[in-house]
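Input: a single structure, listed below in structure tokens.
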Amino acid sequence: MQRVQEQAIIHDLEKKMVFLVGPRQVGKTWLAKSILQRFEHAIYLNYDSVQDKVFITNQSWIASTELIIFDELDKMPDWKNYLKGVYDTKTTSLKILVTGSARLETYHHMGDSLAGRYFLHRLLPISLAELAQTGSIRDLDRLLIRGGFPEPYFSESVLDADRWRIQYINSILSTDVFEFERIHNMRALQLIFKLLRARVGSPVSYQSLSEDAGVSPTTVKQYIQVLEALFIIFRVTPYSKNIARSLLKEPKIYFFDTALVDGDEGAKLENLVAVSLLKHVCAKIDYHAQQYALHYLRTKEGIEVDFALTLNEQVEKMIEVKLSDKNPSKSLLHFHKKYEYPGIQLVKTLHHEYQLGEISILKADRFLATLFL
């Protein structure tokens, strides 16, 4: 399946370097090599390869090279200055694509001398919108069971998908974690990972997790940040016009791989919607330079709406997720009445869509297939 971002990346390569980031095995290398086929003189270099490492260090490519793809370059000592030097001295016809995961995304948030020299593209798991835009069959149930990573999603059986997932998680928790940061209590990290799988969709208390895992709240927060940096989980914070206050409130945790959710179908559906909305938000930021964000709504009394899409820190729409309830939730009605936010209730099993003022009751699969990417 061709990924929808391919043309956008090729377009941006004409102007600057492109950083392609996202979870491991989400399809970055496959997409990069697909782009490579578009050029007559292009090379793919992986820093993990001994031969490629020497080639990269010596900058041994010929002058007629049109495209260089650097993979795993963030493992190179002082890679940022190396890349800056290559970019600043390259020929005008040379294009540079850099792929990576945790370090590249973390670096993007930090900022540095590479500012102004690259465009960021975030590749996230396959969604219903991407399936729709590429002419593939939309299958909500398949996404709920297998998640949106290409290999398990397109595998011949659920068993093959499950075997992939076991190896994937073992690799991340046994290798990638230690390459990214020193972990002093691996058992606690694994336990926190397991606890988070069972708490998808609920506000997460660092204090509660610390008591269950037997480590301090500070350590819990650190380990969650590591899992987030490795693109295993992502946080959705409560909406507040005061950003500082919002960050102090309890976040909700979701997994990039919906199949990792240890819960019922409702929890898996909410996680799938979260990933789909995050992908939509990233596309709005990366391609339209619009200040979108994903939050949830919650009052001190505990009245909660699953998600709120915001633009320029103002709620554009609120979204509630249900398996089969066709009646507008009391939480949607509460926030609409008090703040006049337009709302959408996404229902997995729904015979007829309808409108109730500014509250829309929509089929989940149809709405998710229309999101911008």
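The values are calculated or read from the model by the stated rules, or taken from the named source; none is laboratory data. Keep in mind the model is a prediction, meaning the values are calculated, not measured. No Cβ is skipped: glycine too gets one built from the backbone with ideal geometry, and neighbour counts run over all protein chains shown.
Got a sec? Which strands (runs of 3 or more DSSP E) wholly within the stretch 278-323 have at least 2 residues that are surrounded by 15 or more Cβ atoms within 10 Å (Cβ to Cβ) and acidic (Asp, Glu)?
304-311
Here's the yes/no breakdown for (1) touching a Pro at 6+ places or on another chain (Cβ under 8 Å); (2) of a type outside the set (Asp, Glu); (3) in contact (Cβ under 8 Å) with a residue 24 or more places away in the chain:
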{"position": "114", "(1), (2), (3)": "no, yes, yes"}
{"position": "137", "(1), (2), (3)": "no, yes, no"}
{"position": "142", "(1), (2), (3)": "no, yes, no"}
{"position": "146", "(1), (2), (3)": "yes, yes, yes"}
{"position": "151", "(1), (2), (3)": "no, no, yes"}
{"position": "173", "(1), (2), (3)": "no, yes, no"}
{"position": "198", "(1), (2), (3)": "no, yes, yes"}
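One residue is enough: does the stretch 20-30 have a residue meeting the conditions surrounded by fewer than 20 Cβ atoms within 10 Å (Cβ to Cβ), of a type in the set (A, V, I, L, M) and outside any loop (DSSP other than H, G, I, E, B)?
no
Can you spot a residue in the stretch 61-77 that is out of contact with any strand residue (DSSP E or B) (no Cβ under 6 Å at 6 or more places or on another chain), outside the structural domain of residue 180 (by TED's automatic domain parsing), outside any loop (DSSP other than H, G, I, E, B) and under 23 Å from residue 169 (Cβ atoms)?
Yes, because at least one residue in the stretch 61-77 is out of contact with any strand residue (DSSP E or B) (no Cβ under 6 Å at 6 or more places or on another chain), outside the structural domain of residue 180 (by TED's automatic domain parsing), outside any loop (DSSP other than H, G, I, E, B) and under 23 Å from residue 169 (Cβ atoms).
Looking only at the stretch 53-71, which residues are among the charged types (D, E, K, R) and closer than 15 Å to residue 96 by Cβ?
If the condition is that a residue be among the charged types (D, E, K, R) and closer than 15 Å to residue 96 by Cβ, then 66, 71 are the ones that fit.
Could you say which residue among 12, 52 is under 26 Å from residue 148 (Cα atoms), modelled with pLDDT of 95 or more, charged (D, E, K, R) and crowded, with 16+ Cβ neighbours inside 10 Å?
Unique residue meeting the criteria: 12.
Go through (1) hydroxyl-bearing (Ser, Thr, Tyr); (2) surrounded by fewer than 16 Cβ atoms within 10 Å (Cβ to Cβ); (3) at pLDDT 95 or above for residue 205 and report which single condition fails.
Of the numbered conditions (1) hydroxyl-bearing (Ser, Thr, Tyr); (2) surrounded by fewer than 16 Cβ atoms within 10 Å (Cβ to Cβ); (3) at pLDDT 95 or above, the odd one out for residue 205 is (3).
Given the residues 196, 189, which is the only one that is outside any strand (DSSP E or B) and touching a strand residue (DSSP E or B) at 6+ places or on another chain (Cβ under 8 Å)?
Sole residue among the options that is outside any strand (DSSP E or B) and touching a strand residue (DSSP E or B) at 6+ places or on another chain (Cβ under 8 Å): 196.
When you go through 18, 4, 26 one by one, which is the residue that is in contact with a Gly (Cβ under 9 Å, 6 or more places away or on another chain) and of a type outside the set (Gly, Ala, Ser)?
26
Sort out which residues of the stretch 305-321 are at negative phi and free of Cβ contacts under 8 Å to residues at least 40 places away in the same chain, and write them in order of number.
Selection gives 305, 309, 311, 314, 316, 317, 318, 320.
Output the number of the condition that residue 239 fails; it satisfies all remaining conditions of (1) surrounded by 15 or more Cβ atoms within 10 Å (Cβ to Cβ); (2) within 24 Å of residue 150 (Cα to Cα).
Tallying (1) surrounded by 15 or more Cβ atoms within 10 Å (Cβ to Cβ); (2) within 24 Å of residue 150 (Cα to Cα), residue 239 fails exactly one: (2).
For the stretch 55-75, which positions are among the aliphatic types (A, V, I, L, M) and crowded, with 16+ Cβ neighbours inside 10 Å?
Within the stretch 55-75, 56, 67, 68, 69, 73 qualify.
Going by the structure shown, is residue 92 in contact with a Ser or Thr (Cβ under 8 Å, 6 or more places away or on another chain), of a type in the set (S, T, N, Q) and at pLDDT below 95?
no
Against the condition closer than 30 Å to residue 370 by Cα, in contact with a Leu (Cβ under 7 Å, 6 or more places away or on another chain) and either of a type in the set (Lys, Arg) or assigned to a helix (DSSP H, G or I) (or both), how does residue 272 come out, does it pass?
Yes, satisfied.
Among the numbered criteria (1) under 29 Å from residue 373 (Cα atoms); (2) out of contact with any Gly (no Cβ under 7 Å at 6 or more places or on another chain); (3) in the same structural domain as residue 255 (by TED's automatic domain parsing), which one does residue 115 miss?
It is condition (3) that residue 115 fails.
Look at the stretch 257-288 and say how many of its residues are over 15 Å from the mean Cα position of the chain (by Cα) and farther than 20 Å from residue 317 by Cβ.
Within the stretch 257-288, residues that are over 15 Å from the mean Cα position of the chain (by Cα) and farther than 20 Å from residue 317 by Cβ number 8.
Consider residue 368 against the criteria (1) closer than 27 Å to residue 122 by Cβ; (2) modelled with pLDDT of 95 or more; (3) outside any strand (DSSP E or B); (4) touching a Phe, Trp or Tyr at 6+ places or on another chain (Cβ under 9 Å): it satisfies all of them except one. Which criterion is unmet?
Among (1) closer than 27 Å to residue 122 by Cβ; (2) modelled with pLDDT of 95 or more; (3) outside any strand (DSSP E or B); (4) touching a Phe, Trp or Tyr at 6+ places or on another chain (Cβ under 9 Å), residue 368 violates only (4).
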